[in-house]
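What follows is a single structure, written as structure tokens, with notes after it.
The values are calculated or read from the model by the stated rules, or taken from the named source; none is laboratory data. This one's a predicted model, so the numbers in the text were calculated from it and none came from an experiment. Ideal geometry is used to build each Cβ from the backbone, glycine not excepted, and the neighbour counts take in all protein chains shown.
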Amino acid sequence: MAFKFNATSNEVRSLIIGYEPFFVAKDICSILELSDTNKALAKLDVDEKLTRKIFVSGQNRKMWLVSESGLYALIMRSNKPEAKVFRKWVTSEVLPSIRKKGYYAMHKPKDDFIDARDVPFYTKVINGYNVRCIDLATTTWVVINDVNKAIHSSTGSHQLSKKLNAKQVLAKKIWLFGNTHAAWCTNQLGLQLLLAGSRKFNSVNQLNLAL
């Protein structure tokens, strides 16, 4: 996930690891004007930093990430006036949003979708069809159009999303890597409802599918 810090227009990339947010160290150091990222990281505790491969410019590159604790430690070392503003922004807006929704958006998108093109998706087989899945925070989402193919349903994903969201939010638009636009996705409960509501497909084993 990536978002922008308004005060400097710098982009901040993040990942959810073990249900906790981690931030790309290079992005944080750039905002805080800590010129030597390696030197700044050397002063952090072992549990405040780690490396992960991130898809950048068409390649998977190994990058340093810092935890919430590591982020605060870096902020404390910065003499930049915006450091305090950055800290308040992260603690009052970014982190609460990530923990609640699994993402952070500065402004509500026109189509209200989650841009998850930097989060790898995977597939699960349902009724012989590959269904794309993606994990955001603690929730697994599946592409409704893929489920439709598996259950041989001709109902549009937009229409199904309205039905799924009638009482609570079970469907969201998510932009997956490789797609040209966001697609409607649903969570585990929504998937079970779609399978249970299908006249051509109603299997106990599929209803108990573990994603």
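Summary of values
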{"read-out": "Subset of the stretch 14-34 [at pLDDT 85 or above and within 16 Å of the chain's Cα centre (by Cα)]", "value": "F22, F23, V24"}
{"read-out": "Given (1) in contact with a Ser or Thr (Cβ under 9 Å, 6 or more places away or on another chain); (2) buried (at least 16 other Cβ atoms within 10 Å of the Cβ); (3) modelled with pLDDT under 90, index of the condition T37 fails", "value": "(3)"}
{"read-out": "Cβ-Cβ under 9 Å pairs, at least 6 apart or on other chains, the stretch 112-141 side outside the structural domain of F23 (by TED's automatic domain parsing) and closer than 16 Å to T180 by Cα, far side assigned to a strand (DSSP E or B) and of a type in the set (S, T, N, Q)", "value": "R132/T123"}
{"read-out": "Test: S153 is over 20 Å from the mean Cα position of the chain (by Cα) and not assigned by TED's automatic domain parsing to the domain that holds I54", "value": "yes"}
{"read-out": "Any hit, the stretch 98-112, residues being assigned to a helix (DSSP H, G or I) and modelled with pLDDT of 90 or more", "value": "no"}
{"read-out": "Only one of V147, V169, V125, V142 that is of a type outside the set (F, W, Y) and part of a loop (DSSP other than H, G, I, E, B)", "value": "V169"}
{"read-out": "The stretch 141-167 - residue that is loosely packed, with under 13 Cβ neighbours inside 10 Å and not hydrophobic (A, V, I, L, M, F, W, C) and, of those, nearest to F121 (Cα to Cα)", "value": "H158"}
{"read-out": "Residue tally, condition touching a Phe, Trp or Tyr at 6+ places or on another chain (Cβ under 8 Å) and part of a helix (DSSP H, G or I), over the stretch 40-67", "value": "1"}
{"read-out": "Some residue of the stretch 47-66 being surrounded by fewer than 20 Cβ atoms within 10 Å (Cβ to Cβ), modelled with pLDDT of 80 or more, farther than 28 Å from V143 by Cα and among the aromatic types (F, W, Y)", "value": "no"}
{"read-out": "Of all residues making up the stretch 8-19, the number that are surrounded by 13 or more Cβ atoms within 10 Å (Cβ to Cβ) and over 11 Å from L71 (Cβ atoms)", "value": "6"}
